[in-house]
Every structure is written in structure tokens, then in C-alpha cells.
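Heads up: the structure comes next, in C-alpha cells.
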Amino acid sequence: MRGYIRLGAAGVALSMAFSLAGTALSAESDDPIKIPHHNWSSQIVGAYIVGKVLGEAGYNVEYISSDSQVVYTSMCEGDIDLVHEVWEGAFGVAFEKVVDEGCVIDAATHDAKTREEWWYPSYVEEQCPGLPDWQALNACAEKFATAETSPKGRFLGGPVDWLKHDAERVEGLGMDFEVVNAGSAAALWAELDAASQRNEPIVLFNWTPNFIEAVYDGKFIEFPEYGEGCKDDPSWGTNPDMTYDCGNPKDGYLKIGVWQGMPEKWPNAYKIVQRINFTNGEIAEMAKLADIDGMEPEEAADKWLAENDGKWRAWIEGVSG
Ligand code: TMO
């Protein structure tokens with residue numbers, strides 16, 4: 001029999017409850033733990049996985065569609081409790097700011113190493129010799145031009161909330177490219193598919209782990225190596241007057257951030273969250289289930305949970321309600 005002490009706001013033990021066989025008990029606060037849904041597949045599938053794991057441990061969970069930059073401010077305001085895919089390249093700046101302010105906790109770091117960068121399918125190397133070097137790319141900028149960007153090359157960036165600072169980089173490195181943002185991840189993959197079928201030059205935003213590597217052969221552009229200071233110190237790097245004159249980190253982190261009040265409001269849930277840990281293969285698999293196999297995100301989460309039972313049960317062991 002499992003028992004737990006429910007604490008009120010004043011920290012007074014109000015009641016002792018015992019679970020009944022087959023009855024899921026909500027542990028600690030009954031308020032839902034609020035988890036965002038963002039606009040790329042692994043994150044949505046993973047949000048359901050994390051939410052269902054917390055559900056198994058007795059917690060209520062609510063999913064809220066959120067802008068992937070604004071979400072860090074939302075966590076400070078207590079409107080979101082848990083972001084489980086904090087990518088260093090896209091969200092490092094926004095995340096580290098709120099951690100420094102003390103309203104968000106850097107709760108865990110996944111084993112997964114991440115990279116988010118300009119990327120091209122391999123056939124483009126025949127059309128633009130010297131790739132993946134960024135200067136070689138720039139030398140053939142015109143081959144990537146469209147009616148909209150000519151004579152400049154077009155770089156197809158992700159949705160604007162991924163805030164990749166591509167325009168600053170183009171300026172900082174003096175590149176002959178124009179950044180056009182795709183409206184969605186699906187729009188990126190549709191353009192990649194169309195260009196590949198016609199063997200047309202394309203350079204677009206991509207990341208790893210993702211499902212793309214299972215479907216397309218391709219490479220990331222090699223920009224000047226990322227270093228501490230590139231994003232906030234203009235004097236850093238080849239351009240003395242501008243920030244972002246570098247590539248994104250090649251071994252970026254993938255972290256879990258939580259609202260600072262979580263350890264007090266849901267102490268055991270916080271312990272569970274600190275144990276959650278995804279690998280590159282697992283994040284790629286979540287994307288694949290949705291983007292290649294065409295499963296609904298929640299269905300994909302159920303499949304992942306069924307196939308990784310031992311892994312996630314260890315996360316809730318001894319700390320469930
Ligand atoms: C945040 N993302 C994985 C889309 O680069």
C-alpha cells in the first residue's frame with residue numbers, strides 16, 4: 001500500500017491518503033502540471049511521453065500550445081511548468097536568461113547532443129564545390145537565388161519563433177544570402193522534398209537528432225566555430241562590430257527547464273523530471289514516428305512508452321504518489 005502526506009500551502013499536513021487497488025491517486029498538488037506543445041514533432045511526441053509518465057505517477061497534466069521563445073517568460077510567470085526540450089542553439093539565450101533571473105530551474109540535461117544549423121542534401125555538393133565550408137557556399141550564393149531573393153541566394157530558415165539569428169549571421173559574415181522563414185516545420189520538409197526531386201540547389205535549416213537523417217543524405221554548413229561570446233560580444237569573432245559571426249554549437253545541450261516553484265509544489269514530480277533523460281536515438285525516433293510513420297503525436301507517445309517500459313518506469317520508481 002502506498003501512502004502520502006498532502007501538504008497545504010502553509011506546509012501543514014492536512015490528510016494522509018492511501019491508494020486503493022487500481023485507483024490512480026493524484027500526488028501532492030492536484031493542479032495540472034502545464035507542459036507546452038511546440039511546433040516540431042519530437043517535442044510534441046515527447047511532451048506526451050513526459051506527461052503520460054507523470055500521469056502514471058499520479059499527477060494531472062495539461063498541454064498548452066506555446067511559442068517556443070515566449071515559453072521561457074511564461075515559465076517565469078507560472079503559466080508553464082515544464083519544458084523538456086530546451087535546445088541550446090535555438091533557446092539557450094532565452095533559457096539561460098531566466099535561469100539567471102532565478103525564475104526557472106535548469107533541472108536536467110539529456111544525454112542527447114544537439115546541432116541546429118544550415119544544411120543541404122548531398123547532391124548540392126556537385127553544384128557548389130567546396131561545401132560544406134561556408135565561404136564555398138557564399139561563393140555560389142547566386143545558384144540558390146529565387147525570383148524573390150535574386151541575385152542573393154535564399155536560405156530557408158525555420159519558423160521565426162526558433163529565432164536563429166540567421167539574418168544577423170548573414171550580415172556579420174558578409175554573406176550574399178537572404179533569409180526567408182518557413183511557416184512551419186512541414187513547409188521546410190516539403191521544400192526539401194520538392195528540391196530533391198528536381199535536383200535543385202537548396203540550403204535550409206535542419207537539426208539533429210531529427211528524422212531527416214534517416215531519409216536524406218546531407219551535411220551541415222561549417223561556419224566559423226561557435227565560441228563563448230559570439231552571441232553577445234560584438235568584438236568576438238571575425239567581424240569586430242557584430243554578434244552572431246559564428247555557427248551554432250556542434251555539441252549543443254538538450255535540457256529540461258522547470259518553473260522555480262515546482263520543487264515545492266510537486267516535490268516528487270520534480271524528482272521524476274530530474275531523472276528523465278532522452279538519447280539522440282530516442283529523440284530521432286519520436287520525430288520518425290510522427291514524420292515518417294505518420295502517427296498522431298499521442299499515438300506515437302503510446303508506442304514509445306510501450307516499447308520503453310523499463311526505462312520510464314525507473315524514472316517513477318519509489319517516487320510515485
Ligand atoms: C528547436 N529545433 C529543434 C526546431 O531546432
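The values are calculated or read from the model by the stated rules, or taken from the named source; none is laboratory data. Please read these numbers as outputs of a predicted model, since none were measured by experiment. In this analysis, Cβ positions are derived from the backbone assuming ideal geometry, glycine residues included, and neighbour counts consider all displayed protein chains. Quick note on the areas: whole protein, heavy atoms, side chains included, nothing else; ligands and nucleic acids left out. Shrake-Rupley method; radii C 1.70, N 1.55, O 1.52, S 1.80 Å.
Which value in deg cm²/dmol, rounded to the nearest 500, describes the helix-derived mean residue ellipticity at 222 nm for the chain, given -39,500 (n - 2.57) per DSSP H run of n ≥ 4 and division by the residue count?
Values: 13 runs with 115 residues, N = 321.
Only helices count here, giving -10000 deg cm²/dmol.
Carbon and sulfur together cover what percent of the accessible area of the stretch 115-274 at a 1.4 Å probe radius?
48 percent
Nearest 10 degrees, 0 to 90: what angle lies between the long axis of helix 41-56 and the longest principal axis of the chain (Cα atoms)?
Tilt relative to the chain: about 10 degrees.
Return the percentage of antiparallel bridges among DSSP beta bridges fully within the chain, rounded to the nearest 5 %.
65 percent
With a ≥ b ≥ c the root eigenvalues of the C-alpha gyration tensor of the stretch 238-321, is it rounded (a/c under 1.5), prolate (a/b larger than b/c) or oblate?
Verdict is oblate for the stretch 238-321.
Would you mind checking the pairs Lys34/Lys311; Lys34/Lys271; Lys97/Lys271; Lys34/Lys250; Lys255/Lys303; Lys97/Lys231 and listing those with alpha carbons more than 20 angstrom apart?
Lys34/Lys311; Lys97/Lys271; Lys34/Lys250; Lys255/Lys303
How many angstrom lie between the C-alpha centres of the stretch 245-321 and the stretch 85-112?
So the two Cα centres are separated by 15 Å.
Using the Cα centre of the chain as origin and beta-carbon charges of +1 (Lys, Arg) and -1 (Asp, Glu), tell me which of Thr146, Gly51, Ser29 is placed farthest towards the positive end of the dipole.
Ser29
Round to the nearest 10 and report in Å² the accessible area of Thr243, as given by a 1.4 Å probe over the protein chains' heavy atoms.
30 Å²
Nearest 20 debye, what's the magnitude of the dipole of the chain about its Cα centre given +1 on Lys and Arg Cβ and -1 on Asp and Glu Cβ?
940 debye
Decide, for the stretch 113-189, between rounded, prolate and oblate: order the square roots of the alpha carbon gyration tensor eigenvalues as a ≥ b ≥ c, take rounded if a/c falls under 1.5, and otherwise choose prolate if a/b is larger than b/c, else oblate. Numbers along the way, then the final one.
On the way: a/c = 1.40, a/b = 1.27, b/c = 1.10.
Rounded.
Heavy-atom accessible area of Lys97 with all protein chains present, probe 1.4 Å, nearest 10 Å²?
Here the accessible area works out near 120 Å².
So what are the ³J(HN,Hα) numbers for the stretch 283-288, from phi and the Karplus equation (6.51, -1.76, 1.60; θ = phi - 60°), rounded to whole Hz, Gly and Pro as x?
Per residue, the Karplus-derived 3J(HN,Hα) values read 5, 4, 5, 4, 5, 5 Hz.
So what's the angle, to the nearest 10 degrees on a 0 to 90 scale, between helix 185-198 and the longest Cα principal axis of the chain?
It is inclined by approximately 40 degrees.
Let me understand the chain better: what is its radius of gyration from the alpha carbons, and its Dmax, in angstrom?
Values for the chain (Cα only, Rg and Dmax): 22.0, 72 Å.
Using a 1.4 Å probe, what is the accessible area per residue for the chain, in Å²?
In whole numbers, the chain has 44 Å² accessible per residue.
Which angle from 0 to 90°, rounded to the nearest 10, does the C-alpha axis of helix 297-307 make with the longest principal axis of the chain?
Around 70 degrees separate the two axes.
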